[in-house]
Amino acid sequence: MTRTRAVLAGGEERAMRGNDGSRRDGRATAVAPPGQRREPARNAIAAAVAEAHRREWAFVLAATARVTRDLDAAEECVQDAYVAALDAWTRQGVPRNPGAWLTTAARHRALDTLRRDRTLRTKLPLLIVPDQAAGDVAEVAEGSDVIADDRLRLIFTCCHPALAREAQVALTLRLVCGLSTAEIAKAFVVSESTMAARVTRAKKKIGAARIAYRVPEAAELPDRLDAVLTVIHLLFTTGHTAPQGPGLVRPELVERSIALARLLRELMPDEPEVCGLLALLLINDARRATRTDARGGLQLLEHQDRSLWDAAQIAEGGNLVVDALRCGRPGRFALQAAIAAVHAEAPSYAATDWPQLLVLYERLLQAWPSPVVALNRAVVTSMVQGPEAALAEIAVLEQDGRLDGYRYLPATKADLLRRLNRRDEALRSYQDALALTENAAERAFLEGRSAEMSAPDQVAGG
């Protein structure tokens with residue numbers, strides 16, 4: 001947990017109202033009894049800072065990094081700015097432009113730090129080349145005529161080809177997108193300690209090799225594109241199904257990833273994989289309203305009300321899929337989008353074109369030989385050839401070992417066993433999945449299925 005998040009969670013902010021109940025920013029408010037007005041004020045400030053953290057982090061980090069010339073130091077200064085906001089906004093009120101306030105505070109902190117320690121720039125890795133000015137916040141960085149959005153610019157900047165691909169993606173998700181090490185580890189299906197070590201090694205390599213970070217020129221963008229696509233996709237998947245917490249979805253991450261994908265489409269409209277990524281995100285997000293019931297319980301695809309899906313998003317995504325497939329040799333994002341489109345366009349779960357999906361998964365495995373793809377293919381195999389055939393594919397994945405600790409492997413196995421009415425085995429697999437699951441909605445679903453398998457007279461569904 002970053003210091004910013006720790007402060008927010010600990011409730012260290014103070015009330016923003018004066019003794020008479022009036023706001024300190026001069027705006028009139030209704031006067032409430034002393035015992036009733038303090039807590040809402042604290043909550044309002046915490047909510048404002050949290051919202052600024054969700055929406056402004058990348059912008060503030062980008063501006064601060066121009067001063068520090070170092071990712072770690074910039075992150076430290078930005079965290080300090082958010083902590084300072086809790087106190088200042090309590091006393092002065094929330095500013096009209098929280099991002100500008102935070103940027104100014106972070107830059108001042110960075111300049112103070114540099115003045116105290118003149119050796120900082122030789123000890124820490126460079127973010128920009130030495131001849132780039134670190135002037136006013138509004139300064140247009142090199143390459144900004146190519147990449148118009150600060151968030152997307154910083155993602156391209158951090159996806160430096162001198163780093164290994166996984167290190168590029170992990171470092172960008174951590175610093176630019178604000179994901180925790182634990183969240184990134186789950187996205188990569190590795191342990192938190194392994195991911196922390198990767199991020200640390202990446203930072204050390206930057207420092208040891210004195211890699212000069214700069215905004216890439218237009219000709220350099222294609223070489224960094226796959227890493228950027230991966231960052232945006234993993235940001236979406238983390239929001240689409242949160243690895244932990246009470247809610248199934250983190251809407252702010254979903255919306256941020258779709259916005260970045262749209263910006264990338266404007267920047268590189270002729271890239272098939274960019275079309276594919278945006279299509280994939282739009283089609284998958286189109287089901288958001290039906291993925292949980294009124295009480296937040298998980299709703300499987302087969303039980304979702306398709307009439308409530310966002311038809312406009314599905315239509316837009318479908319058109320993008322067509323564009324992405326025109327190249328003749330679709331990549332992994334175009335193929336995933338095509339799979340999503342088959343699901344979305346089916347009139348019902350039963351009427352889904354499962355044989356077509358199996359063909360698409362075979363092509364996806366050729367383009368992207370991932371064990372997660374193989375697991376998803378096993379689900380489709382069960383719909384075409386039956387659960388027994390799918391269990392044979394699951395056994396191969398268990399022996400492979402790369403999905404050890406991945407909650408959807410035992411969960412998928414449990415469902416296949418349930419469909420075969422092998423109740424005791426299914427129960428053990430549901431319990432294995434529960435041990436790996438931290439999201440409350442998913443846990444509640446797995447607990448319900450475990451209870452079904454434990455009931456003596458329960459007959460499993462087909």
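Structure notes:
- On segment 322-424, 50 percent of the accessible area sits on carbon and sulfur atoms, based on a 1.4 Å probe.
- To the nearest 10, the accessible area of H233 is 20 Å² with a 1.4 Å probe.
- Whole-Å semi-axes of segment 200-274's equivalent ellipsoid (Cα gyration tensor): 26, 21, 9
- Spatially, segment 300-343 and segment 261-296 are offset by 9 Å when compared through their Cα centroids.
- Per residue accessible area in Å² of segment 226-290, where ligands, DNA and RNA are left out and the probe is 1.4 Å: 30
- If you wrap the tightest convex hull around every Cα atom of segment 362-462 and split its volume per residue, you get 97 Å³.
- Relative contact order for segment 184-305, counting Cα pairs under 8 Å that sit 6 or more residues apart, in percent: 16
- Over segment 294-384, relative contact order from alpha-carbon pairs under 8 Å, at least 6 apart, %: 25
- Taken about its Cα centre, segment 345-412 carries a charge dipole of about 140 debye when Lys and Arg each add +1 at the Cβ and Asp and Glu each add -1 at the Cβ.
- Accessible area of D223 (1.4 Å probe, protein heavy atoms only, ligands and nucleic acids ignored): about 120 Å².
The values are calculated or read from the model by the stated rules, or taken from the named source; none is laboratory data. Since this is a predicted model, take the numbers as computed values, not measurements. Please note: Cβ atoms are built from the backbone with ideal geometry, for glycine as well, and neighbour counts cover all protein chains shown. The area values use the complete protein model at the heavy-atom level, side chains included, leaving out ligands, DNA and RNA. Shrake-Rupley method; radii C 1.70, N 1.55, O 1.52, S 1.80 Å.
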